[in-house]
Amino acid sequence: MKERLEYLAVRSLFAFVRVMPDALVRGLGSLLGTAFYLFDRVHRQVAERNLEAAFPTRSPRERKTIALKAFRHFGRMGFEILKFSTLSPEAMLARVEFDGLDRVRHAYAHGRGVLLFTGHFGYWEIHALVHALELEPMAVMARALDNRDLNQLLEDIRCRTGNSVIYRQETLRRVLRMLQAKHAVAVLIDQHILSRDAVYVDFFDRPAATTSLLGAIAMRNGVPVVPCFALPLPGGRYRMIYEHPIEPPNPDAEDPVRQFTQRCTDVLEMYVRRHPELWLWMHRRWREQNPEI
């Protein structure tokens, strides 16, 4: 019953957002984020602890400001994704600008497919939608929501421009199939990984369990790995950035997969340091586990 009510609430919100002016969409999203910051004590404390560890030299006031802005960003983002997904392909592209398209096109030209990565940062869902329109549809890796109806709604949004979704239980085989067909697969690399395939790398000077998928496939199959990020611009527009592909370590180096994963994580950290209010600080990215296990 609870899951059904959650789904109906989001469906109703979807209907309202469709006809709302953009400024109202962003305003209501910020208001929702502020409400969660004020009343969701558990996640607010997680965010504040993470920020204290990541930015020990910043004042408590500065860190609280970043936390509030992060909550507001994710409230806004939820509303904006719903609104964006209702637009025509032409209207979607009219709201974005691209930086580094030549880099990702060159990566495609290798003929081995492309691995794209980002984090829970900025507007990654919108980036995936317009990537499919400007370049070609790709597969996005995701964890299924517990609420099946909400998960189907989110999958419909993600597939709006032709993309497909790969869930964790079917990861490797489908990823390799997409790459062999010379397509792209997008991965979020800032989720805590519990499987034995995880590698521990430093993220804000703390060990964090991270997927080894990117490094393992890149080192074994020579697939280009391109970092990508989506930043907000004034007036409800967005900048889609493709960075230079990650340079692989020497295959003879000690633990090359871990080194490769560290290089990927370093790029994400660079962006989070530049725009800390756009990252998911309320996520328990660092867990109390022995990094040597």
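Hey, any hits in the range 62-72 for a residue that's farther than 18 Å from residue 38 by Cβ and surrounded by fewer than 21 Cβ atoms within 10 Å (Cβ to Cβ)?
yes
Can you tell me which condition residue 251 does not meet? The list is (1) in a strand (DSSP E or B); (2) modelled with pLDDT under 95, and all the others hold.
(1)
The rows are residues; the columns are (1) of a type in the set (S, T, N, Q); (2) assigned by TED's automatic domain parsing to the domain that holds residue 103; (3) at pLDDT below 95.
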residue: 178; (1), (2), (3): no, yes, no
residue: 182; (1), (2), (3): no, yes, no
residue: 188; (1), (2), (3): no, yes, no
residue: 193; (1), (2), (3): no, yes, yes
residue: 196; (1), (2), (3): no, yes, yes
residue: 201; (1), (2), (3): no, yes, no
residue: 204; (1), (2), (3): no, yes, no
residue: 212; (1), (2), (3): yes, yes, yes
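Under 6 Å between Cβ atoms, at least 6 apart or on separate chains: pull out the pairs that start in the range 213-225 with a residue that is under 11 Å from residue 114 (Cα atoms) and end on any residue that is of a type in the set (Gly, Ala, Ser) and assigned to a helix (DSSP H, G or I).
Sorted first by the residue in the range 213-225, then by its partner, the pairs are 224/107; 225/218.
Quick one: in the range 137-174, which of the residues that are of a type in the set (Lys, Arg) and modelled with pLDDT of 90 or more is farthest from residue 82 (Cα to Cα)?
Ranking the candidates gives 174 first.
What number of residues within the range 94-116 are surrounded by 16 or more Cβ atoms within 10 Å (Cβ to Cβ), over 25 Å from residue 174 (Cα atoms) and of a type in the set (A, V, I, L, M)?
1
Tally up the residues in the range 22-55 that are of a type in the set (Asp, Glu) and within 28 Å of residue 234 (Cα to Cα), please.
Of the residues in that region, 2 qualify.
Filter the helices (runs of 4 or more DSSP H) completely within the range 1-56 down to those with at least 3 residues that are basic (Lys, Arg), at pLDDT 95 or above and under 30 Å from residue 269 (Cα atoms).
Counting at least 3 such residues, we get 41-54.
Let's see how each residue does on (1) in the same structural domain as residue 15 (by TED's automatic domain parsing); (2) charged (D, E, K, R):
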| residue | (1), (2) |
| --- | --- |
| 67 | yes, no |
| 74 | yes, no |
| 82 | yes, no |
| 99 | no, yes |
| 114 | no, no |
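Any residue that is under 27 Å from residue 24 (Cβ atoms), among the small types (Gly, Ala, Ser) and part of a loop (DSSP other than H, G, I, E, B) - is there at least one of those in the range 87-105?
Yes, the conditions are met somewhere in the range 87-105.
For the range 1-35: of the residues being hydrophobic (A, V, I, L, M, F, W, C) and farther than 24 Å from residue 148 by Cβ, which is surrounded by the most Cβ atoms within 10 Å (Cβ to Cβ)?
25
The values are calculated or read from the model by the stated rules, or taken from the named source; none is laboratory data. All values reported here derive from a predicted model rather than from experimental measurement. As a convention, Cβ positions derive from the backbone with ideal geometry for all residues, glycine included, and neighbour counts pool all protein chains shown.
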